[in-house]
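Every read-out reported here was derived from the displayed coordinates using simple, explicitly stated rules and does not represent laboratory data. Bear in mind the structure is a predicted one, so any value in this text is a computation, not a measurement. With ideal geometry, Cβ positions are generated from the backbone for all residues, glycine too; neighbour counts draw on all protein chains shown.
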């Protein structure tokens, strides 16, 4: 018997000294191409979830980070055929050079009150919470 359980995703939320959040623009061929999202991706079989957040951040942005506290856990229904449960972690950059890669074609920091067109409702929800909590993660 096959159980259609959701996949698990991990996201790394990086903020700079000015409080801006790091986002990536989704490349052609990716879900929601041309729109922006928090760096994230699926947790591989056997992979620890914080390691997945760290890996996805490095693949999509070139940055290396320490992964910290959980900021949000939410179910993603943006693709009804493939629901996921996502975990967004606070992340502190410790190395690397900012450059877009993997399924992102651009990466940059954005003020919480001046965000680009976002790809996923769960990112919208998280960033709205961070905006409401000026001293947030």
Peptides 120-130, 92-102 ordered by average Cβ neighbours within 10 Å, highest first: 120-130, 92-102
Burial ordering of 66, 60, fewest other beta-carbon atoms within 10 Å first: 66, 60
Nearest-ten-degree value, helix 121-132 long axis tilted from longest Cα axis of the chain: 30 degrees
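Shape verdict for region 56-105, please, from the Cα gyration tensor: rounded (a/c under 1.5), prolate (a/b greater than b/c) or oblate. Could you put the intermediate results ahead of the total?
Numbers: a/c = 4.37, a/b = 1.46, b/c = 2.99.
It comes out oblate by the Cα gyration axes.
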Sorted by Cβ neighbour density within 10 Å, fewest at the top, the residues 28, 59: 28, 59
Cα-based helix-to-principal-axis angle, 49-61 vs the chain, degrees rounded to 10: 60 degrees
Calculated [θ] (222 nm, deg cm²/dmol) that DSSP helices of n ≥ 4 give over the chain, each run adding -39,500 (n - 2.57): -5500 deg cm²/dmol
Prolate/oblate/rounded label for region 78-129 (Cα gyration tensor, a/c 1.5): prolate
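Which number do you get for Rg(Cα) / (2.2 N^0.38 Å) in the chain? Walk me through the intermediate numbers first.
On the way: Rg = 14.1 Å, N = 137, 2.2 N^0.38 = 14.3 Å.
In units of the 2.2 N^0.38 Å rule of thumb, it is 0.99.
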